[in-house]
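One structure is given here, and the rest of the page talks about it.
Bear in mind these aren't lab numbers, they're just calculated from the coordinates by the rules spelled out. Computed from a predicted model, the values in this text were never measured in an experiment. Please note: Cβ atoms are built from the backbone with ideal geometry, for glycine as well, and neighbour counts cover all protein chains shown.
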């Protein structure tokens, strides 16, 4: 027992009590305790990863360790390290998934950074809050967070993609708008380019887009469903008076209806505007079925929706 006590005590001492340097140590979302201990040991921030593991378990703070980045020093002992990891994060992880509208992004930001949703929405630009996982400063303002998202959009939607868009006679705004429709309509990767092709073909021929997601966007928050996207649209819903209602208005909607990811953006740029399909319908599993003629489309509706 005495030997173990000495081993434990020695293992909790600073890795280098004379060190004056500090390091930024990053914990990824969902990272387990063993991985954290190994990384601390590899970066020479703790003496003994087994003792670190035992300290965390002894005090029951495993679930209190935060994901984010931390300023740590080899001069800190194991107890100071573990305490810092529970509340000393400098930045926090924020994950945006593809197809969120800005109000949904505002909810995520508010939950992680305590920024009021109304403050974020006031400055956010729909379509340009690029879906990704970010390490964001805890003290960042709404404007600063939006800039982080927008800067990432500019990096990912790079000059090469913008040049391809110009060659297709599409502006950045038009690509992002169509990509937001594709993101909401196509659940599966293999359907994205096909949906984009249908939309481009219909635009070229002056046919209304007839996209359900634009109606969902116009309808807004559904209190009974506690969701921003109404699940089942009625015939009355399709008559909503809104410039975003593509069942009533031909051409592009006024702007994006959500924030698309890179795959949806590329699907629009790489789509074939001369593809034969004019229609598609989604079955109960979210699979899309495409048709060249109205007759084929009606048959798909009969087959997959009734």
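In this simple spin-label model, placing a label point 7 Å from the Cα along the Cα-to-Cβ direction at both residue 302 and residue 87 gives a separation of 6.8 nm.
Checking (i) 30, 22, 18; (ii) 27, 25, 19; (iii) 51, 20, 18 against semi-axes √(5λ) of the Cα gyration tensor in Å calculated from these atoms, the matching label is (iii). Only DSSP H runs of four or more residues enter the estimate; each adds -39500 (n - 2.57), and after division by the residues of the chain the mean residue ellipticity at 222 nm equals -14000 deg cm²/dmol.
If R0 is taken as 30 Å, the Cβ-Cβ distance between residue 227 and residue 190 corresponds to a FRET efficiency of 0.70. Given in Å, the Rg to one decimal and the Dmax to the nearest whole number for the Cα atoms of segment 2-87 are 12.1, 38.
Provide the FRET efficiency to the nearest 0.05 for the residue 26-residue 169 pair, computing r from the beta carbons and using R0 = 45 Å. Present the calculation step by step, with values, prior to reporting the outcome.
On the way: r = 43 Å, r/R0 = 0.96.
Calculated value: 0.55.
Between 57, 193, 208, the Gaussian network model of the chain with springs among Cα atoms under 10 angstrom shows the greatest mean-square fluctuation at 57.
Taking the longest Cα principal axis of the chain as reference, the axis of helix 294-305 is set at about 50 degrees. By the compact-protein rule of thumb, 2.2 N^0.38 Å, the alpha-carbon radius of gyration of segment 67-137 corresponds to a ratio of 1.39. With everything on Cα atoms, drop me the angle between helix 2-11 and the longest principal axis of the chain, reported from 0 to 90° to the nearest 10. Approximately 50 degrees, to the nearest 10. Of the residues 101, 184, 63, the one that moves most in a GNM of the chain with alpha-carbon contacts below 10 Å is 63.
Put a dot 7 Å past the Cα of residue 151, heading toward its Cβ, do the same for residue 208, and the two dots end up 4.4 nm apart.
Taking the C-alpha atoms only, the angle from helix 189-204 to the longest principal axis of the chain is near 40 degrees. Applying 1/(1 + (r/R0)^6) with R0 = 35 Å to the Cβ-Cβ distance of residue 33 and residue 270 gives a FRET efficiency near 0.20.
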